[in-house]
1. What residue, among those in region 218-240 that are in contact with a Gly (Cβ under 6 Å, 6 or more places away or on another chain) and part of a loop (DSSP other than H, G, I, E, B), is surrounded by the fewest Cβ atoms within 10 Å (Cβ to Cβ)?
2. Could you tell me how many of the residues in region 50-82 are out of contact with any Lys or Arg (no Cβ under 9 Å at 6 or more places or on another chain) and among the hydroxyl-bearing types (Ser, Thr, Tyr)?
3. Go through (1) assigned to a loop (DSSP other than H, G, I, E, B); (2) open to solvent by 20 Å² or more (accessible area, probe 1.4 Å) for ILE161 and report which single condition fails.
4. Residues ILE215, ILE250, ILE243, ILE265: which one is of a type in the set (Val, Ile, Thr), closer than 27 Å to PHE81 by Cα and assigned to a helix (DSSP H, G or I)?
5. Test of understanding: among PRO66, PRO48, PRO29, which residue is touching a residue at least 24 places away in the same chain (Cβ under 8 Å), surrounded by fewer than 19 Cβ atoms within 10 Å (Cβ to Cβ) and outside the structural domain of LYS440 (by the TED database)?
6. Can you tell me which residues in region 279-294 are assigned to a loop (DSSP other than H, G, I, E, B) and surrounded by fewer than 17 Cβ atoms within 10 Å (Cβ to Cβ)?
7. For region 380-417, enumerate the residues that are within 21 Å of LEU443 (Cβ to Cβ) and in contact with a Ser or Thr (Cβ under 7 Å, 6 or more places away or on another chain).
8. Every residue in region 84-138 that is open to solvent by less than 40 Å² (accessible area, probe 1.4 Å) and modelled with pLDDT under 65, please.
Amino acid sequence: MKTRKLLIIQIDALSYPRLLDAMQKGYLPFLSNYVKKNILTEYNCSLPSSTPCVQSGLLYADEEIPGFFFVDKKKKRFHSFYSTTSAKEISGAFKNVGILKGGSAYSVIFSGDAHKTLFVLGHGNTPTKMSARDAVFYSFINPLILLRMLFRISTQWLLEIVEFTYYGGLRVFSKQYYTPFRPDYWFRRLFFNAFANTVSATAVRRDIKRGVPRIYINFNNFDDMSHIRGPSTKAAYRTLKTIDAQIKRIIKQVLEQGQEYDVYIYSDHGMMDSVAFTYKYGLSLTEFLETLLDARGVEVSKYSEKQISIRRAVWAFLSGGAKALLSPVWGVIKPFWIYFRPDAPTRKIRGKDFVIAESSNVAQVYFLKDSRRLERSDFKKINEKLIQNILSHPGIGIILVKDKKTYKAYSKEGTTTLPRNASWMKRFNTTGQDLLNFAKRKLAGDLIIFGNIIDGKCIAFEDQAGVHGGVGADQQRPFIISPRPLPPIRRSSDLYAVFSPYLPKKEYVLTPKYKKA
């Protein structure tokens, strides 16, 4: 029997409950009808509920990435998935064959060993052929697509002015928390919501016409907007209308090709409304820990997001255009282009006692004086009541710590040895097994701290109005729309087992470690 072709469409950060809510409110008219002919399922992405962690599980059956930011203590370097350097280094270490081998990938973190990529951070060791020339060229010579793109750019610009004024006013006058003004978001909104998504969707339709065997596209509008405005806001829900329209055009192209593709529409995780730790308590988590430890600390994101996110996005735009226009002489230009790029190598950390890799509502604390992962007994030597003192802060919900060959979860309601469940975990909508999945990752922090849930909102360690990566509400409750029933999915690597059969049999090789699991 001939292997069918595969098309995966990701709606970043849209949880199963919010999908149903958005369909009921009319923000997803196409998907509302589409699910009637397919199977809609909620699944558990487990922890960390973060895009690089889920995509590495889906694309490679890898479950070692501990978060969007993390630190390699032995090398005293941090990794950030805003950085192409980190993404490439990490993707080069994956052992399994990527499910997109011989296919194409758009707007994702890892390539899945795809042959053609666009807006992809990590390519690993697999040679890839950039499809920017086709996608950009086709978008700009097609008058209808060009007009649609220009219309979206102008409307997104006007919407940002209106929404910034409205939500900024609520923050000032009604004391409601919304993310403050961030200049980089103006560019990101135009880049992702208007340019990148239009170009990527155009490239996908072209790939379908050409019969590319495996295709993956990610729409991250909802995720990006939810971090800034909050996932429950109309601003976030409005982004779904654009995504719905793009998916409709892609499915229309699939139908015109005679149903050669099995289409899966899924989300990688959900999101929860949040309030920033600094906004609510007047100091950062780093400052709080410095007072307890009498030590110097630093947040990883201060080096990464604030320094390179705008420059990296601009560079991606310019480099994509340059590759498209100068492809005949790209081999000569490339060495000079790479030399001047702003995306610096993975940075070294010096002069600090501890580093906090904070990502939304999760903070991983790394103590740098010892290259090994610290255990419960080590913290007792530092301060007999250190963990209890950290938990005493109202903004802290759960702390995970290694204890010899086991892992313990601490909360204000009690302590549990993982993967044992406890009644207090229900408040955070998680399980002992999910917490263990996070805690046992090799490069996870010495302390893994989750923000508390107060008045229906999660405490965020970054300045965000919407969070994911940790526990609470819908963060572990994504969805998948499939053409046929699926087995239970309890972690991201279970998705690899769903999609890897679409590879040719000779390519479908699992490592012994994964076979055992």
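1. GLY230
2. 3
3. Among (1) assigned to a loop (DSSP other than H, G, I, E, B); (2) open to solvent by 20 Å² or more (accessible area, probe 1.4 Å), ILE161 violates only (1).
4. ILE243
5. Answer to the selection: PRO29.
6. GLY282, LEU283, ASP294
7. Of everything in region 380-417, those that are within 21 Å of LEU443 (Cβ to Cβ) and in contact with a Ser or Thr (Cβ under 7 Å, 6 or more places away or on another chain) turn out to be ILE398, THR406, LYS408, ALA409.
8. First, the residues of region 84-138 that are open to solvent by less than 40 Å² (accessible area, probe 1.4 Å): 84-87, 90-92, 94, 96-100, 103-114, 116-118, 120-124, 131-132, 135-136.
Selection gives HIS123, GLY124, SER131, ALA132, ALA135, VAL136.
The values are calculated or read from the model by the stated rules, or taken from the named source; none is laboratory data. It should be emphasised that the depicted structure is a prediction, and the values quoted were computed from it without experimental measurement. Quick reminder, even Gly has a Cβ in these numbers, built from the backbone with ideal geometry, and neighbours come from all protein chains shown. With ligands, DNA and RNA removed, areas are computed over all heavy atoms of the protein, side chains included. Shrake-Rupley method; radii C 1.70, N 1.55, O 1.52, S 1.80 Å.
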